[in-house]
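Quick notes on the structure that follows.
The values are calculated or read from the model by the stated rules, or taken from the named source; none is laboratory data. Being a predicted model, the structure only gives us computed values, none of them experimental. Using ideal geometry, Cβ is built from the backbone for each residue, glycine included, and neighbour counts are taken over all protein chains shown. With ligands, DNA and RNA removed, areas are computed over all heavy atoms of the protein, side chains included. Shrake-Rupley method; radii C 1.70, N 1.55, O 1.52, S 1.80 Å.
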Amino acid sequence: EISVLLPGNAKDNGFMEAGYRGYKRIAEELTTSVKCVYNVSATSNKEVLTKELRKLAQEGPKMIIAHGGQCNAPVATISKEFPSIKFVVIQGNVKSDNVSSYKVDQEQSAFLAGALAGYMTKTNKVGHISGAWPKPGLQARAAFYDGLMRANKKAKFYTHFTGNLDDNAINAKAAEGEIKAGVDVIYTMLNGGRFGVNDTIAATKGKVKEIGNVIDWTTISPIFIGSAVADSSVAIFNAAKDFREGNFKGNSISKIGLEDEAVVRLAISDQVPKKVARKVAKLQKDLLAGKVKINTEYTGMEFNPATGEFVDQDAKN
């Protein structure tokens, strides 16, 4: 009845694992007639994902839920070929008669994470490491930068995409390059590859701190001063629940944000001074009241950890 596609490792301690948790919850609470296909394409390859979706659609489920913004284009293609199937993209921005997107507003927690980094940096150099660059990842990076600038105009931003969310060695190298440049807070938007960064940061013996995402990393390691929690398992579950209850609507994009703290929040470690935590809380209040608008476009330079130089964004293409 329902098929879930996870383009990545279901046990990555990150975004894909959140998707897997959503699938498990559907199986436990809504219907046993659900299947999950994972470890498909950690590189977010459009052709591979389109092929995989077509294969799933040919099995004739009533609904297909694809996890991640990298599924936007593949779903746009396959939903036209199979108009009788309902499609959902989690963290997507596509919609049509048989397609909707369900999102958790990770830009909000990323924005607050940026502010935290801005308040906590001592060197005024803040890093960001991610793997792939689907639209939601780019928007969350921009939101983080916006929060950083709001908290600390003097901060310099060292942002880098390694091209791989899961490779520990590649991401550790990026962290080494940023630390060498003087960065003392790094925001990681990674899946399995985060552990390479964690080890690199742990080796600095407290000189460098990390801010995580998706889950609350502050409960896992003392290197984390915060984590931009955005639990997409809830979006997957909600999509299936709406469908089961006959409330699924095509042509819509539904969003859960900071108003639901169980889903989206900035987790802050006890190491963070109370004064800083209060500043972040004030910013959150202003955000919820609509007094602060997040900029989700970053037009600045990117950092190349291998050379220590700043380059134009298109250098990675």
Within region 124-161, the residues that are under 19 Å from residue 304 (Cα atoms), at pLDDT 95 or above, open to solvent by 20 Å² or more (accessible area, probe 1.4 Å) and outside any strand (DSSP E or B) are 124, 145
I need the full set of residues from region 235-252 which are surrounded by fewer than 19 Cβ atoms within 10 Å (Cβ to Cβ) and assigned to a helix (DSSP H, G or I), in order please. 241, 244
Answer with yes or no whether residue 148 is of a type outside the set (D, E, K, R) and without any contact (Cβ under 8 Å) to a residue 60 or more places away in the chain. yes
With respect to residue 204, determine if the residue is part of a loop (DSSP other than H, G, I, E, B), at pLDDT 95 or above and open to solvent by less than 30 Å² (accessible area, probe 1.4 Å). yes
Going through region 58-78 in order, the residues found to be within 22 Å of residue 1 (Cβ to Cβ), surrounded by fewer than 24 Cβ atoms within 10 Å (Cβ to Cβ) and touching a helix residue (DSSP H, G or I) at 6+ places or on another chain (Cβ under 7 Å) are 63
Starting from region 160-186, take each residue that is closer than 21 Å to residue 17 by Cβ and list its partners that are surrounded by fewer than 20 Cβ atoms within 10 Å (Cβ to Cβ) and of a type in the set (Gly, Ala, Ser), counting only C-beta distances under 8 angstrom and pairs at least six apart or across chains. 170/163
I'd like to check something: does region 44-57 contain any residue that is in a loop (DSSP other than H, G, I, E, B), open to solvent by less than 40 Å² (accessible area, probe 1.4 Å) and in contact with a helix residue (DSSP H, G or I) (Cβ under 6 Å, 6 or more places away or on another chain)? yes
Against the conditions (1) in a helix (DSSP H, G or I); (2) within 30 Å of residue 249 (Cβ to Cβ), where does residue 116 fall short? Just the number, please. (2)
Restricted to region 275-317, and to residues that are open to solvent by less than 40 Å² (accessible area, probe 1.4 Å) and assigned to a helix (DSSP H, G or I), which residue is farthest from residue 158 (Cα to Cα)? 286
Answer yes or no as to whether residue 255 is within 23 Å of the chain's Cα centre (by Cα) and open to solvent by 80 Å² or more (accessible area, probe 1.4 Å). yes
Do the conditions hold for residue 103, that is, is it open to solvent by 20 Å² or more (accessible area, probe 1.4 Å) and in a strand (DSSP E or B)? yes
